[in-house]
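Q: Input: one structure, supplied below.
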Number of protein chains: 2
Amino acid sequence: MNLLTLCGIVKTMAEGQASPADEPVRQRSLRTHNLGLVLRLVAASPQPVSRADVAAATGLTKATVSTLVDELLAGSLLVEVEPAPRAGAGRPAVGLRLAAQGPAGLGLEINVDYLAACVVDLTGAIRLHEIRRADQRGRPPDAVLDDIAGLAADAVEAATAEGLLVAGTALAVPGLVANGVVRLAPNLDWRDVDVLTALLSRSPLAALALTVDTVTVDNEANLAALGELHAWAEADPAAARASFLYISGEIGVGAGIVLGGRLFRGARGFGGELGHVTIRPDGPHCRCGARGCLEAYANQEALLRDADVATDDLASDAALTRLAALAGAGAHPARMALEAAGSALGVAAADVVNLLDVDTVVLGGIYAPLAPWLAEPVLREISDRVMTAAWAPVTVRPSVLGPSATVVGAAGSVVRAIRDAPTTWLEGPARVG
Amino acid sequence: MNLLTLCGIVKTMAEGQASPADEPVRQRSLRTHNLGLVLRLVAASPQPVSRADVAAATGLTKATVSTLVDELLAGSLLVEVEPAPRAGAGRPAVGLRLAAQGPAGLGLEINVDYLAACVVDLTGAIRLHEIRRADQRGRPPDAVLDDIAGLAADAVEAATAEGLLVAGTALAVPGLVANGVVRLAPNLDWRDVDVLTALLSRSPLAALALTVDTVTVDNEANLAALGELHAWAEADPAAARASFLYISGEIGVGAGIVLGGRLFRGARGFGGELGHVTIRPDGPHCRCGARGCLEAYANQEALLRDADVATDDLASDAALTRLAALAGAGAHPARMALEAAGSALGVAAADVVNLLDVDTVVLGGIYAPLAPWLAEPVLREISDRVMTAAWAPVTVRPSVLGPSATVVGAAGSVVRAIRDAPTTWLEGPARVG
């Protein structure tokens, strides 16, 4: 491992992170701070690093680094690996890596037409991914929560059999969430469902002794955006500070906004409602009660209807496959429908770029496979409507994770939280209990 | 001073602040951190506080607090005041306050039809405010910069005569700014004007030995939003963490976005371009080249035209006064014009609330005196178009600073920077030079 690269990683991380500044710094917070620093340094390095490398890159003493590393090893967050043979004198140093058999994150997803579970280990590797397709519309919330708890039970059992310890879980729902309560999920017809309490009371989460600190419920587009971010960061450490708009196309249209490598939830947690940005104040009626929202122009239903794809005899994924086939074959209604939806998406995306100045727009969910026809009109509207695009260009690209972004992002958010604040894990109930 | 209140202030500040977390914490950064902590604690307290109060509220030792306070006194950032008589035993403690005769901020503003300067001291008090009205359109940038430098020279002389030391300056321009360069100011017809270099080379700034670290150039709406934030925070410390959209109505339409008490500039610094949010994709042509932008529906020109206010014989401020008088008298065209502009502002504001979830929309610039007629349609569109408004309400209010928000905000941003990071001042060239 090149020391200059490591120092660069420390600098990169420092620029992308934030924490409260108006607290007096004392010994305890110093330790917390430095444990996270060492863990993230090892995580960001593509090769194993030695204790001496960590000391040199961080400026901490070797003795301090050794104490911190011992604690991370004892907590199953790091492992030691055999040293690589090296040129020159002296005994080669033992390398450090993130533990693949330590704590893991469980991601769960309730969507309109499927339920899913996923386990991701501390290195970010997907260890399990399970989808059960079934229409959830009109079912009582309790029945849906029973099913997702059953899926979670199977996932925890499989993860435990692989030597993993599920450290927390994140559940994605297609709606507006506050403090674990789904305030509104229009396409499930849920209103004020206390999903967090329901989950904690059901096995296997009850058996895992997870607490409100380790179980989160979040909007699906937010978790998908995090999944996208983490996938980019695995491929390129500089991408850990990316800023982008992730557009999630489903039955509804949502968005996750990432700024400087962090999910931006808005001032009160309900930001990213791209589906209800106005395209035309007197446009078609939207399910939300207003007129002319993006969702009314560009959701799955509008796309399939305008493209003359009959949906009576088809599951929605098969209908979308047919739409892509028709567009690929040059069918006029399909092309026109994608052009119209792309233009509406572009008007809304241009609003976001004008307001937030992100440099990338990601087409996610159903829009990812349709990107060959959507990207051009989206980019055209941005170029026409954003003055700064002349010198601060914007890229439009399909999601790299595609439809699994949400549940992978949910699982990944748990291990990212441990990587960001390892003391929560080291001192948490799952460790001391 | 109530100790519980002081502790509450520390907590409030901690929640609202952010700084890099991925740097090892060592002695030097500890001192920097704690100097800022003490200064901001004194600043946030409505009454003088003693060294013992500071120690109790922060958890720092009395000896550490004394060392920090001595440094802040020596740097003219704090002053000691006579102790208030108090009940109970013991000698009353000497109180600490922000220095009103120490460093001050110089705010400068180039607008389309005036130039302005303002000096604000460390306590936030306005010590000087000067406006010179003259149309700047079509003048060469160098001539405008000569005039603003002259205005700055007079302001510095007056501030020095009052015992203040100008510690830095912020210049507001109606355009897009990056690294001190005005990339584009459509209403001045400026493109790629290096304003920072031009300012630094002109007296009196050259004479003050200010550097790129102490001179900033920023968009007018951004600085106005900061002015608004600081004015709120002086009246109510909890407002220091406010989140709001400040809409700046002028010849153009801009916005400053404040999130959790911090100016949000967007990912690359060009955010807040509310004037070019789309109201209707095929609407009227906008100066930016696109169609249907908010600016084309709601700027000063559109308002006066639609209200049938003749502008040939009137300065723009007189024309706006006439518009308000007509609306107050119930004149139909004036009322219709304000309803139409308010509705367009509301559609754009609803987009912002859907994306950023701010709880307050501030009508600034020319919109402040027109708020009696604009606020209702703005709020109506937000209520209709933002689902979360049902449980997360949004307030629409006029700017408290009115048209002076920009230049007051510019001057205030300089002293706020010192309050946020006093070591920059204590160790800066203005002190050691």
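Each reported figure results from applying straightforward, stated rules to the coordinates on display, with no laboratory input. Worth saying up front: this structure is predicted, and the values here are computed from it rather than measured. Every residue, glycine as well, gets a Cβ built from its backbone with ideal geometry; the counts of neighbours run over all protein chains shown.
Q: Return the average number of partner chain Cβ atoms within 10 angstrom of each residue Cβ along peptide A:231-237. Before the final figure, lay out each step's value.
A: Details: counts 0, 0, 0, 0, 0, 0, 0.
Mean inter-chain Cβ contacts per residue within 10 Å come to 0.
Q: With a bin width of 20 angstrom, please list the P(r) values of chain B as percents of all Cα-Cα pairs, from the 0 bin to the one holding the largest distance.
A: Each 20 Å bin holds this share of Cα pairs: 25, 53, 21, 1.
Q: If you take the alpha carbon radius of gyration of the range B:118-242 and divide it by 2.2 N^0.38 Å, what ratio comes out, to two decimals?
A: 1.11
Q: Please identify, among B:ALA341, B:ALA125, B:ALA240, the residue showing maximal mean-square fluctuation in a Gaussian network model of chain B using a 10 angstrom Cα cutoff.
A: It is B:ALA125.
Q: Using helices alone, I'd like the mean residue ellipticity at 222 nm for chain B: each DSSP H run of four-plus residues gives -39500 (n - 2.57), total over residue count, nearest 500.
A: Estimated from H runs of four or more residues: -13500 deg cm²/dmol.
Q: What is the average number of partner chain Cβ atoms found within 10 Å of a Cβ in A:260-272? Intermediate results must be reported in sequence, preceding the final value.
A: Values: counts 1, 0, 0, 0, 6, 2, 11, 17, 9, 3, 11, 9, 4.
Taking the mean over all residues of the peptide, I get 6.
Q: Can you grab the distance from the C-alpha centre of the range B:28-80 to the C-alpha centre of the range B:337-408, Å, no decimals?
A: 39 Å
Q: Please compute, for the alpha-carbon atoms of the protein assembly as shown, the extent along each of the three principal axes and give them in descending order in Å.
A: 78, 70, 62
Q: Under 10 °C and 1.306 mPa s, how fast does the range B:211-273 diffuse according to Stokes-Einstein, given a Kirkwood radius computed over C-alpha pairs? Answer in µm²/s, whole number.
A: Rounded, D is 130 µm²/s.
Q: List the pair-distance distribution P(r) of the range B:355-411, using every Cα-Cα distance, as the percent of pairs falling in each 10 Å bin from 0 up to the bin containing the longest distance, rounded to whole percents.
A: 23, 44, 27, 6
Q: Could you work out the relative contact order of the range B:107-228, using alpha carbon pairs under 8 angstrom and six or more residues apart, expressed as a whole percent?
A: In percent, rounded to a whole number, it is 25.
Q: Starting at the first residue of the range A:288-300, write each ³J(HN,Hα) from the Karplus equation 6.51 cos²θ - 1.76 cosθ + 1.60 with θ = phi - 60°, in whole Hz, x for Gly and Pro.
A: The phi angles translate into 6, x, 8, 10, x, 5, 3, 4, 5, 9, 9, 7, 3 Hz.
Q: Still on this structure: Quick one: if the Förster radius is 56 Å, what FRET efficiency do A:GLU157 and B:ASN179 give, using the C-beta to C-beta distance and rounding to 0.05?
A: 0.50
Q: For the range A:64-182, just run the numbers: alpha carbon Rg, then divide by 2.2 N^0.38 Å, N being how many residues it has.
A: The reported ratio for this selection is 1.47.
Q: Can you tell which of B:ALA405, A:ALA417, B:ALA143 lies farthest toward the positive end of the dipole of the protein assembly as shown, using +1 and -1 charges on the Cβ of basic and acidic side chains (Lys, Arg; Asp, Glu)?
A: Among B:ALA405, A:ALA417, B:ALA143, the one farthest towards the positive end of the dipole of the protein assembly as shown is A:ALA417.
Q: Moving on to the next point. In whole Å, what are the Cα extents of the range B:243-400 along the three principal axes, biggest one first?
A: 43, 33, 30
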